[in-house]
Amino acid sequence: MTRRLDHLAHRHTWATALLVILFAAAVIARQTGTTPPTPSPAATPVTAAPAQVPDAVAACLACHEDSTMSMTFEDGESLSLHVDLKHFAGSVHSAQLICTDCHSKYDQDHPSGATFPSRRAYTVSSYELCKKCHFDTYTRTLESVHYELLKAGVDTAPICTDCHGAHNIQNPHAKRAMMSRSCATCHTEVYAQYADSVHGRVLVDDNNQDVPACADCHTHHQVQQPGTTKFRLNSPETCIRCHGDKPLMSKYGISTTVAQTYLADFHGATASLSRNLSEDQQQIVVTCNDCHGVHNIASPRLKGHDAMTATVSAACSKCHQDAVKTFPAAWLSHYPPSPRNAPMVWAVESFYKFFIPFAVLGLIMNLLLHVYRMSSGR
Amino acid sequence: MPQPDPDEYVVRFSSWSRFQHAAVIVLFGLLLVTGMPQGWPTSDASRWVVDHLGGIFATRWLHRAAGILFTGLVVAHLTVAITGVLSGRMKPSMLLGRQDFRDAINNLRYYAGYTEAAPKFGRYDYRQKFEYWGLIFGSLIMVATGYILYFPIIISRFLPAELIPAAKAMHSYEALFAFLIVLVWHIAGAHLAPESFPIDTSIFTGKIRKEKLRHEHALEYEDLFEKK
């Protein structure tokens, strides 16, 4: 798992670099007597909406504030053309963009008479507008499983506005719960499982920002097919990002030895040593998800001992079909051996930790004495 | 004491002994090469070895095959030794006695300069005997824990399942111990020690120079040549 350590090491490097930069910036600001740059608009709270909108926007709203205004598509479906000023003023774009930045095809004379077969066809045809500014993000979506679907002609596949909204776009990093809910539009069942899991419950109920939301495991724009072996095998890396983070885990009293204990175990060793095998051969590798579940992850502590034993037992017998009820005791539950937890293993380890250095150092000394006595000619 | 001819040899090891030693070299080596990467699964060296052996699954099968052959060797050795000693065909020359512990202490006294001469040894000196018994018990531990790891499900049917991780710890540590002993003790003792350097060939050829025998196994030499 050297990659994980690299990752952590890099994070430290980055954190250090950031501190150095901040410090340097503070020093420069002090010396030149200027104040540091004001935070970018994206970082300001969206609730602090400007009271007034630019004239260019006001001009559009002159008509589009009419809540009865709508257009009809070829299939008979209609779309309201009403834009709520409050929505737009509360969005991240209100400070930078005016209507025609996105709706560029429209001039003074519109309606132009452009017709679309359906409402969805209109939405899909206009979503590429975003790439004018968000080009890197757009290119990443082209590598996603969602784009694969779109390319295959599934027009319900999500595009920018399906997740981010249109006129009322919010900062997605600040609104993780909201962003995750957008996944539920299509992934209803999975979202319900997640919302009931140890992670989802605190995000949804308490807006706890420590827990992973959908995108933290699945990534944002280049979302990959999750059912693949590659995705499953990567789950230790994914989980370790948080579960190897000591300050974060100590907030909840969770052990960060999960990675070490996993790697020290038979399954973890297989995972580590089979990295270069074909995906087909790696099917057999057991990763975090195989025992802990995926979206429905529950806290083993809150579950209670008996329920947990039953879960582990079920997880074992997924592969070890003939495993008996007592077999899960072979698993040390991510805890390093101690006199209380796994006394037999602890005793064996303690004995050898003392005995090996004692015996080997003793023999080396004996050997040196022998050579010394032989060479000194008695 | 008549000086023996420097080119005169006596037979020290039977072909069965020499075969066992060669087999241990091959099997112990194979078990180490296939086993050690499993003990340090996250190191790049381990990955390199495993990849060159054809992947972790091939490596594990090789390890098990070598383990089964090694078990056969241990069983054969014990059978031959026990029946040989019981029927009187073999001398129990490897048995540890009080004299061996006395020799050990006297030898340390000699190293430290308290006595003028090293103790005289029989067919096997105390170091060889300790190493032999270390090998026997080490092998029994490795074989027993190895089969627990080979058949964990079956074991958990009859015995507490905590035996499995305990066996895993024991198998790893005992292997490390055996490796270190061979490294510092056996190779150093049989190759690098001044009287054997660069190599003590007797376990391969079966023969030992009479002079060397007289020097290193004086009591056996006396038994063979002076008490006729």
*Tell me which of these A:Ala323 doesn't satisfy, since it passes every other one: (1) at the interface with chain B (Cβ under 9 Å from one of its Cβ atoms); (2) part of a helix (DSSP H, G or I).*
(2)
_Top-ranked residue in segment A:281-315 [being in contact with a helix residue (DSSP H, G or I) (Cβ under 8 Å, 6 or more places away or on another chain) and among the charged types (D, E, K, R); ranked as nearest to the other protein chains (Cβ to nearest Cβ)]_ = A:Asp290
*Test A:Tyr335 against the criterion of being closer than 28 Å to B:His171 by Cβ and assigned to a loop (DSSP other than H, G, I, E, B), and give yes or no.*
yes
*Scan segment B:161-177 and give yes if some residue there is within 19 Å of A:Val345 (Cβ to Cβ), within 14 Å of another protein chain (Cβ to nearest Cβ), of a type in the set (Phe, Trp, Tyr) and touching a helix residue (DSSP H, G or I) at 6+ places or on another chain (Cβ under 6 Å), otherwise no.*
yes
*Of the residues that sit in segment B:49-99 and are within 14 Å of chain A (Cβ to nearest Cβ) and among the small types (Gly, Ala, Ser), which one is nearest to B:Leu149 (Cα to Cα)?*
B:Ala58
*Please enumerate the residues belonging to segment A:207-219 that are buried (at least 16 other Cβ atoms within 10 Å of the Cβ) and in a loop (DSSP other than H, G, I, E, B).*
A:Val211, A:Pro212, A:Ala213
*Is one or more of the residues making up segment A:97-115 of a type in the set (Ser, Thr, Tyr), loosely packed, with under 14 Cβ neighbours inside 10 Å, modelled with pLDDT under 90 and within 30 Å of A:Phe231 (Cβ to Cβ)?*
no
_Candidate set from segment A:253-280 (those that are without any contact (Cβ under 8 Å) to a residue 24 or more places away in the chain, farther than 23 Å from B:Gly146 by Cβ and among the hydroxyl-bearing types (Ser, Thr, Tyr)); member that is farthest from the other protein chains (Cβ to nearest Cβ)_ = A:Thr256
*Give the residue, chosen from B:Arg109, B:Arg127, B:Arg157, that is at pLDDT 90 or above, in a helix (DSSP H, G or I) and either within 13 Å of chain A (Cβ to nearest Cβ) or touching a Leu at 6+ places or on another chain (Cβ under 7 Å) (or both).*
B:Arg157
_Conditions first: (1) in a helix (DSSP H, G or I); (2) out of contact with any His (no Cβ under 9 Å at 6 or more places or on another chain); (3) surrounded by 15 or more Cβ atoms within 10 Å (Cβ to Cβ). A:Pro247 passes all but one, so which condition is the exception?_
(3)
_Criterion (more than 10 Å from chain A (Cβ to nearest Cβ) and not in a loop (DSSP other than H, G, I, E, B)) met by exactly one of B:Gly189, B:Gly138_ = B:Gly138
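The values are calculated or read from the model by the stated rules, or taken from the named source; none is laboratory data. A quick note: this is a predicted structure, and the numbers were derived from the prediction, not measured. Every residue, glycine among them, receives a Cβ derived from its backbone with ideal geometry; neighbour counts consider all protein chains shown.
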